[in-house]
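What follows draws every value from the coordinates through simple rules; no lab data is involved. Note that this is a predicted model, so its numbers are computed, not measured. Cβ: placed from backbone, ideal geometry, glycine included. Neighbour counts: every protein chain shown.
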Amino acid sequence: MIRHKQTLGATLVALLMLVAVSVMAQDKIVVDFYYPTAVDGPIDEIIAKYEADFEAMHPEIDVVPAYTGSYTQTRDTIRTEIAAEDVIVDVAVMLATDLTSFVEDESIVPAQQFIDAMDTADAFTAGFFPAFLANSADEDGMIWSVPFQRSTPILYYNADLFAEAGIAVPTNNEELIAAAQALQTEDRAGLLLPVAGTFPTWLYQSFAAAYGQPIVEASPAEVFFNTPESLAAVEFITKLGMAEADGGFAVGPMGGSAWGDTPTAFTSGQAAMIYHTTGSLTSILNNATFEVGVAFLPSGPAGETGTGYGAPTGGGNLYIFAAAAPEVQEAAWLWVEYLASDTVQSDWGANTGYIAATVGAWDVEPLKTLVTEKPQYLVARDQLEFAVKEFDSYRSIDVQGIINTALSSIISGNVPLSEAQATLDAAQVQIDSLLAEYK
Amino acid sequence: MFRPYISQSLLRKLKRMTATPSPLILEKPNTSYGARKTLWDWIFPYVLVLPTLIFVFMFTLLPAVNTVIDSTLSPGRRASEPAEFVGLENYQKLFDATHFIGGRFLPILGNTLIFTLVTIAISVPLALLLALLLNRKIRGLGFWRFSIFYPTLLPLMGAASIWAFLYSDTIGLFNTILRAFGLPGVNWLGDPNMVLLSITAMNIWKQSGYFMIFYLAGLQSIPKDIYEAADLDGATVWQQLRYLTLPLLNRTTLFVLVIAITFTFQTVEQLPAMNNGNPADRGNLVLYFIFQNISERRNWGYVNAMSLVLVGILLIFTIANFVLFERRSDVE
């Protein structure tokens, strides 16, 4: 019995201490911040630096950052909390394309209400690159999320190989094929297009746009997937890996390359060119032993109408959650505003390779100096002029699943190109039946 | 038949106990058997198992009942709208090839069956073979046993990541070797006709050692003297295996098959490292497909229906196994 009493006593003391600690913490407004990452680097250290800096400015707020894995894991963690009605997260970085789902689920609050309360509301909104705001607003133009770690696909090329062969950097798809065929050897692919992995949709969007019909326009209730432009885009992607005997270009593996392997293959000299995210820029520049060139994604077929450069944006935005108390939401907004400031965006972009989302960030150190040393960083920014809205729709997870499966089926050769149109049509029927209730 | 040794005195006591009147009639003293039991004596065992019962109820029974209920509901468009009762429609949609879930579910279910059957058809006999080889006195026995059991100790996700590197089209070891011999590389995880085989091969490597351990234990519980007797009778090694070892391992085989089937059906953690079921779902498996659909709230009806279909299939396999093997071991 004595022993039991001791245990009981110890437990009580421990409980009291817990209560005391939480009471002490309640002096400050606690903001739980979830963030994923998709790039290499000491992300947690950088975030900790921002946290310290922010808390020095706002001593009444205690930001608690939590690294939550990949974008998908972050989204699923948050969805689980919401489903369990035990929401810990107050503010998070999630994919820009998660917007419609979370608006539908009524689990986020619009950033617009906080922006409207600012003295500099117009300047704040105008400070972002318009392409990065395209996925922040709903159909009525209300802004829900704030750009934070944004990216876009670009063309990386081995500049040494181009110089040796005396070939110009390709600016359209025909030149792209010609260059890839000229530079490929038995041990080196001409062009690696990472569409074999989880999300062929992302890179597919750049081809769809370049052929004249982006996958989505303003309305989240409409998706374009079986148009002649869609077919042309998916045919081009498929032919990159097909043997010349079958009418292909044979400049890379059938079905495309895996997302994570592609930068490694490039920096180890196994590919002359790759498509990849700007988020990989820093690590590619650090790892390559040759001169790395960066260029706009080549444009669609020259001379035809409605073609041109096209690239989707990508990456994550900041969301504030509806379950947080009003004063916590206010504090979370201050943190969002801080993370979206020119200073932080400049630092974040220079450290990770994400494109600083505000125009002003490029005139602030450290980015200002970095771009004079490494002009590659500017290419991604300048391509934004041609960037299109990234895929997002109602039922976006399901629609993206349908699109990914159809694309993967055609690109990998699971169905022959002669059946590509039928595959796109079948996918479009499924998409339209999902979106019917939203029209 | 299994017949435990029971002493006569214990048998008498057991008979007395079964003759005891219902324990619920507490007023009536039971003089023929021990001291009178108080109410607390009767309740006490239940109090002891109560924590377990609560956990089983909260984490097994309640979710199971919820799964059945949710599988008949269709969530509303907005989170605040109530779900609609749709009966068996969610199940029907799973088998509708034009539906966005149904169109993928059946092929993926087919993949899962192939994955499970091929894994078991190779890994269980392989496990038995390895166990037979390693059940002898050979040099470095511990080392060999450990080497073969080692894959089981690795977390599946880690093993899958290693294999994903081996399988990589451009930088992978397998293709590097093939190309060194002037052969064309194989796109192990990117070719729709190869991906399921690649995933299955990894799984066989991963699980065989685990099943081998059960066979080793089974082999070591077989008394040595029956083999001596068989030797005296002039039975060949093959005959000893066929008529002694295999029948005596029946129970082990039953156990291994049951766990192998339930285990393999649910083995999907390798997929995130191995192309996520791509390309074209040719490498996808049911449990992972369920997981892929969880994050969309409006799919919960389908997700629960798929889970129950999976449970149903597992149940069929398990019962079939018991019926087949129990009957055979009874005959012997």
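Once amide H atoms are built 1.01 Å from N in the peptide plane, which residues 5 or more positions from A:G315, or in another chain, come under 5 Å H to H?
For A:G315, whose amide H was placed from the backbone, the distant partners under 5 Å are A:A96, A:S151.
Karplus couplings for the stretch A:253-261 from phi (6.51 cos²θ - 1.76 cosθ + 1.60, θ = phi - 60°), rounded to Hz, Gly and Pro as x?
x, 4, x, x, 9, 7, 4, x, 6
Taking the stretch A:339-383 on its own, what percent of its Cα-Cα pair distances exceed 15 Å?
Summing the P(r) of the stretch A:339-383 above 15 Å gives 26 percent of all pairs.
What do you get when you divide the Cα radius of gyration of the protein assembly as shown by 2.2 N^0.38 Å, with N the number of residues?
This ratio for the protein assembly as shown stands at 1.14.
Rounded to the nearest Å, what's the spacing between the alpha carbon centres of the stretch A:259-290 and the stretch B:151-170? Just the number, please.
22 Å
Output wanted: per-residue J couplings in Hz (rounded whole) for the stretch A:126-140, from phi through Karplus 6.51 cos²θ - 1.76 cosθ + 1.60, θ = phi - 60°, x for Gly and Pro.
5, x, 8, 5, x, 4, 7, 8, 4, 9, 9, 9, 8, 4, 8
Would you compute, from DSSP H runs of 4+ residues alone, the mean residue ellipticity of chain B at 222 nm, taking -39500 (n - 2.57) per run and dividing by the full residue count, rounded to the nearest 500?
When only DSSP H runs of four or more count, the value is -20000 deg cm²/dmol.
Which residue, B:G140, B:G218, B:G102, has the most motion in a Gaussian network model of chain B that connects Cα atoms within less than 10 Å?
B:G140
Normalise the Debye intensity by I(0) for the stretch A:72-194, one equal point scatterer per Cα, no solvent, then take log10 at q = 0.14, 0.17, 0.23 Å⁻¹ and round to two decimals.
Debye curve over Cα of the stretch A:72-194, log10 I(q)/I(0) at q = 0.14, 0.17, 0.23 Å⁻¹: -0.76, -0.88, -1.33.
For the stretch B:99-194, run through the trypsin sites (Lys or Arg not before Pro) and keep only the ones in DSSP coil with at most 12 other Cβ atoms within 10 Å of their Cβ.
Sparse-neighbourhood loop trypsin sites (Lys or Arg not before Pro): B:R136, B:K137, B:R139.
Report the calculated FRET efficiency for B:R242 and A:D187 (r = Cβ-Cβ distance, R0 = 60 Å), to the nearest 0.05.
0.70
List the residues, sorted by chain then number, that are 5 or more residues from A:L192 or on another chain and whose placed amide H is less than 5 Å from its amide H.
A:M273, A:I274, A:Y275
As an exercise, find the ratio Rg/Rh for the stretch A:241-357 from alpha-carbon atoms, using the Kirkwood inverse-distance average for Rh. Spell out each step's value before the answer.
Details: Rg = 20.1 Å, Rh = 18.0 Å.
Using only Cα positions, Rg/Rh for the stretch A:241-357 is 1.11.
How long are the three semi-axes of the equivalent ellipsoid of the stretch A:137-254, in whole Å, if each is the root of 5 times an eigenvalue of the C-alpha gyration tensor, listed from largest down?
Listed largest to smallest, the semi-axes of the stretch A:137-254 are 32, 18, 12 Å.
Under a GNM of chain B (C-alpha, springs under 10 Å), which listed residue has the highest mean-square fluctuation: B:Y302, B:Y288, B:Y227?
Of B:Y302, B:Y288, B:Y227, the most mobile in the Gaussian network model is B:Y227.
Around A:D62, which amide H atoms from residues at least 5 apart in sequence, or from another chain, sit under 5 Å from its own amide H, with H modelled in the peptide plane?
Under 5 Å from the amide H of A:D62 lie the amide H atoms of A:I29, A:V30, A:V31, each far enough along the sequence or on another chain.
With N set to the residue count of the stretch A:121-186, report its C-alpha Rg divided by 2.2 N^0.38 Å to two decimal places.
Taking the Cα Rg and dividing by 2.2 N^0.38 Å, one obtains 1.81.
Please check chain A for the longest run free of chymotrypsin sites (Phe, Trp or Tyr not before Pro) that are loop-located per DSSP (anything but H, G, I, E, B) and have at most 16 other Cβ atoms within 10 Å.
A:1-223
Largest first, please: the extent of the C-alpha atoms of the stretch B:111-331 along each principal axis, to the nearest Å.
65, 49, 26
Compare A:D44, A:D27, A:D261 in a GNM of chain A, Cα atoms joined below 10 Å, and give the one with the largest fluctuation.
In this elastic network of chain A, the residue with the biggest mean-square fluctuation among A:D44, A:D27, A:D261 is A:D27.
Kirkwood Rh and Cα-based Rg: tell me the resulting Rg over Rh for chain A, rounded to two decimals.
Across chain A, the Cα-based Rg/Rh ratio is 1.03.
Around A:E81, with a cut-off of 14 angstrom between Cβ atoms, what is the net charge of the other residues, counting Lys and Arg +1 and Asp and Glu -1?
Around A:E81, the surrounding residues sum to -3.
Would you please report the Å³ per residue occupied by the convex hull of the alpha carbon atoms in the stretch A:57-124?
Spread over its residues, the Cα hull of the stretch A:57-124 gives 141 Å³ apiece.
If you look for lysine pairs in chain A that are eight or more places apart or on different chains, how many of them have Cα atoms under 28 Å apart?
Here the count comes out as 7.
How large is the Kirkwood hydrodynamic radius of the stretch B:129-179, counting all unique pairs of alpha carbons, in Å?
13.1 Å
Determine, from the Cβ-Cβ distance of B:A229 and B:F95 and an R0 of 60 Å, the FRET efficiency 1/(1 + (r/R0)^6), rounded to the nearest 0.05.
0.60
B:K224: which aspartates and glutamates have alpha carbons under 19 Å from its alpha carbon, excluding same-chain residues fewer than 8 sequence positions away?
List returned: B:D233.
Please compute the average number of Cβ atoms from other chains found within 10 Å of each residue's Cβ in peptide A:406-412.
Mean shielding by partner chains, rounded to a whole number: 5.
On alpha carbon coordinates alone, what is the Rg over Rh value for the stretch A:212-269, Rh being the Kirkwood radius? Could you put the intermediate results ahead of the total?
Values: Rg = 15.2 Å, Rh = 13.6 Å.
On the Cα set of the stretch A:212-269, Rg over Rh gives 1.12.
With a Förster radius of 51 Å, plug the Cβ-Cβ distance of A:A243 and B:S221 into 1/(1 + (r/R0)^6) and report the FRET value to the nearest 0.05. Display every interim value, and only then the final one.
On the way: r = 58 Å, r/R0 = 1.13.
So, using R0 = 51 Å, E works out to roughly 0.30.
If I take the Cα coordinates of the stretch A:88-154 and project them onto the principal axes, what are the three extents in Å, biggest first?
Dimensions of the stretch A:88-154 along the principal axes of its Cα atoms: 36, 29, 25 Å.
Provide the per-residue ³J(HN,Hα) series for the stretch B:223-237, in order, calculated from phi with Karplus coefficients 6.51, -1.76, 1.60 and θ = phi - 60°, each as a whole number of Hz, with x at glycine and proline positions.
Result, rounded to whole Hz: x, 5, 5, 5, 6, 4, 4, 5, 4, 4, 6, x, 6, 6, 4.
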